[in-house]
Amino acid sequence: MWDYTDQVMDHFRNPRNVGKIEHPDGVGTVGALACGDALTLMFKLGPDGRIAEVKFQTFGCASAIASSSVLTEMVIGKTVEEAGRITNKQIADALGGLPDQKMHCSVMGREALEAAIHNYRTGETGMRNLDERIVCTCFGVSENEILRITRENGLSSVDEVVNFCKAGGGCGMCRNEIQKLVDGVIAERTQAKTAPGDAPRKLTNLQKIKLIEEIITREIRPALQRDHGDVELVDISGDRVTIAFRGMCAGCHASETTRHSLIEAKLRECVAPEITVVEESRS
Ligand code: FES
């Protein structure tokens, strides 16, 4: 018997927003019945551009139902951009936590929401960028997804990755590859972390430039490219980083938020708290 929180049991027994919306603005389906879990999530915007209605249908366990249900409550009233920033960790936290082996249910919720937002923005029903490299063929999990889940949830072992996205939990052929990705994230984490009581880490200019380039390439661009956007690094001068938005991000009314809340926040966290990010045209 799983050790579920009261919140999980409440959402499982009384799931909110189950069903379908006629003519939704965005709809996304993830998972497969063959794997035991599948989730379809759809939403409709109100006249103010915020999510007014959201429904889900799932074929899964108690934690899949609870994750989907609490997610629907989390997105109502949010803009699409705000909803798109919800992480699987926030879903699990809203439920008071999930058993380790069930964390993949929170990831499935986040992925279904992303797929629905992608459908809203592009009209496409598939999410996967064909350039993405699939690491686990048993469960169709890409390198980018494994890196993202490992980073966002602070994972440090292949078994944890299995719990969060199932990758590595089938034939096991991909486990060495997953281990290398996890090791890379652990190295990043160690580099970025300043131990309590330590003096702030001082990077040389060259180290700082390389680190900024690496973080933009490995973490920020894939996140934007998933929504057909992109960003280009134009210049680095001291702590001032100049960027230019490309694709869907260029001219997007939310680009200011993306610049500040995603790019600047990430660089401040991983490189230096003094970093300022400006757009090329505004520099
Ligand atoms: S390829 Fe990943 S478990 Fe089989």
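The values are calculated or read from the model by the stated rules, or taken from the named source; none is laboratory data. All values derive from a computational prediction rather than experimental measurement. A quick note on method: Cβ atoms are made from the backbone with ideal geometry, for glycine too, and the neighbour counts reach across all protein chains shown. Accessible surface is based on the protein model in full, side chains and every heavy atom, while ligands, DNA and RNA are left aside. Shrake-Rupley method; radii C 1.70, N 1.55, O 1.52, S 1.80 Å.
Observations
- The residues of the range 143-180 that are out of contact with any helix residue (DSSP H, G or I) (no Cβ under 7 Å at 6 or more places or on another chain), within 12 Å of the ligand (Cβ to nearest atom) and assigned to a helix (DSSP H, G or I), listed by number, are VAL162, ASN176, GLU177.
- Qualifying residue in the range 111-130 (condition: small (Gly, Ala, Ser) and open to solvent by 30 Å² or more (accessible area, probe 1.4 Å)): yes
- In the range 221-253, the residues that are at pLDDT 85 or above, of a type in the set (A, V, I, L, M) and either under 30 Å from ALA116 (Cα atoms) or within 20 Å of the chain's Cα centre (by Cα) (or both): VAL231, LEU233, ILE243, ALA244
- Matching residues in the range 178-209 - criterion: being more than 15 Å from LEU155 (Cα to Cα) and modelled with pLDDT of 85 or more: LYS208, ILE209
- Residue within the range 261-268 that is out of contact with any His (no Cβ under 9 Å at 6 or more places or on another chain), in contact (Cβ under 8 Å) with a residue 12 or more places away in the chain, hydroxyl-bearing (Ser, Thr, Tyr) and not in a loop (DSSP other than H, G, I, E, B) present: yes
- Taken together, the criteria exclude GLY140 from residues that are modelled with pLDDT under 90, away from the ligand (no atom under 13 Å from the Cβ) and open to solvent by less than 50 Å² (accessible area, probe 1.4 Å).
- Taking each residue of the range 169-190 that is over 14 Å from ASN144 (Cα atoms) and looking for partners that are near the ligand (Cβ under 8 Å from one of its atoms) and open to solvent by less than 30 Å² (accessible area, probe 1.4 Å) with beta-carbon atoms closer than 8 Å, six or more apart or interchain, yields GLY170/CYS136; CYS174/VAL135; CYS174/CYS136; CYS174/ALA167; CYS174/GLY168; ARG175/GLY168.
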